[in-house]
Amino acid sequence: MKKVENTLREHRYQRSRIIQILQDIQVEFNYLPKEALEYVSQRLKMSLSKIYSIATFYAGFSLNPRGKHLCTVCMGTACHVRGAANVLDRIEERLGITSGVTTSDKLFTLETVNCLGACALAPIVVIDGQYHGQTTVDRVDKLLDKYYEKKDK
Ligand code: FES
C-alpha cells in the first residue's frame with residue numbers, strides 16, 4: 001500500500017480531498033481496489049461505507065479491474081436502429097466477454113452507453129475516447145486488431 005500512502009501524503013491526509021485521492025488511486029491501479037479503499041478508510045479515519053458511496057456515485061470510478069483499453073458501444077436509439085446490437089454482438093464474440101466485463105488478459109473493458117450525443121455518426125464505437133462512426137460488423141475485427149497488434153509488439 002506504499003503507493004496509496006504516497007497519494008494520501010500528497011493530499012496531506014485531508015478527508016476533504018477524498019475525491020482527488022480516489023482519482024489518483026484509480027489512475028495508479030486503473031480501478032479502485034478494495035484493499036486500497038480499506039487502507040484509505042483506516043488512514044483517514046473515514047468510514048468505508050462513506051468511501052464506497054463516493055466511489056459508486058461518480059461514474060468515472062470503477063470498483064472492478066479495468067482493461068488497458070476501454071471500448072464503449074453506444075446503444076442509444078439512433079445507434080440501435082442502425083445496427084449497434086449486431087456490432088456489440090460481434091465485439092462480445094471477438095473479445096469473449098459481455099458488456100461490463102474485462103478480458104482475462106486485461107486488454108479491454110467493454111461497456112455500453114445510451115447516446116453519446118453524436119447520433120449522426122451512428123452506430124458509434126469509442127475506444128479510449130476515439131470515436132469510430134458508422135461502425136459495421138465487418139469493421140469490428142479491423143478495429144480491434146490494431147490493439148492486439150500493438151500488444152504483440
Ligand atoms: S444514439 Fe448513439 S450517439 Fe446518439
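The values are calculated or read from the model by the stated rules, or taken from the named source; none is laboratory data. This one's a predicted model, so the numbers in the text were calculated from it and none came from an experiment. Cβ sites come from the backbone with ideal geometry, for glycine too, and all protein chains shown count toward neighbours. For the accessible areas, the whole protein counts, side chains as well, though only heavy atoms, and no ligand, DNA or RNA atoms are used. Shrake-Rupley method; radii C 1.70, N 1.55, O 1.52, S 1.80 Å.
Going by the conditions given, is Gly83 at pLDDT 95 or above and on the phi > 0 side of the Ramachandran plot?
Judged against the criteria, Gly83 is a match.
Lys106 versus (1) part of a loop (DSSP other than H, G, I, E, B); (2) open to solvent by less than 50 Å² (accessible area, probe 1.4 Å): which is the lone unmet condition?
Result: Lys106 passes all but (2).
Determine, yes or no, whether Asp141 is under 26 Å from Ser62 (Cα atoms), surrounded by fewer than 17 Cβ atoms within 10 Å (Cβ to Cβ) and more than 16 Å from the ligand (Cβ to nearest atom). Break it down stepwise before answering.
On the way: under 26 Å from Ser62 (Cα atoms): no; surrounded by fewer than 17 Cβ atoms within 10 Å (Cβ to Cβ): yes; more than 16 Å from the ligand (Cβ to nearest atom): yes.
The answer is no for Asp141.
Scanning for something touching a Phe, Trp or Tyr at 6+ places or on another chain (Cβ under 8 Å), more than 16 Å from the ligand (Cβ to nearest atom) and assigned to a helix (DSSP H, G or I), does region 67-89 turn up at least one residue?
The answer is no; no qualifying residue exists.
From the list Leu48, Leu44, Leu32, which one is in the same structural domain as Asn6 (by TED's automatic domain parsing), under 14 Å from the mean Cα position of the chain (by Cα) and away from the ligand (no atom under 15 Å from the Cβ)?
After ruling out the rest, the residue left standing is Leu32.
Identify the residue in region 76-103 that is out of contact with any strand residue (DSSP E or B) (no Cβ under 7 Å at 6 or more places or on another chain) and among the aliphatic types (A, V, I, L, M) and, among all such residues, is surrounded by the most Cβ atoms within 10 Å (Cβ to Cβ).
Checked region 76-103; the qualifying residue surrounded by the most Cβ atoms within 10 Å (Cβ to Cβ) is Ala78.
Can you find even one residue in region 100-121 that is of a type in the set (Ser, Thr, Tyr), closer than 30 Å to Lys34 by Cα, in contact (Cβ under 8 Å) with a residue 40 or more places away in the chain and in contact with a Ser or Thr (Cβ under 7 Å, 6 or more places away or on another chain)?
Yes, the conditions are met somewhere in region 100-121.
Please identify the pairs in which a residue from region 37-53 that is among the basic types (Lys, Arg) has its Cβ atom under 9 Å from the Cβ atom of a residue that is open to solvent by less than 60 Å² (accessible area, probe 1.4 Å), counting only partners at least 6 apart or on another chain.
Arg43/Val4; Arg43/Glu5; Arg43/Leu8; Lys50/Ile18; Lys50/Ser41
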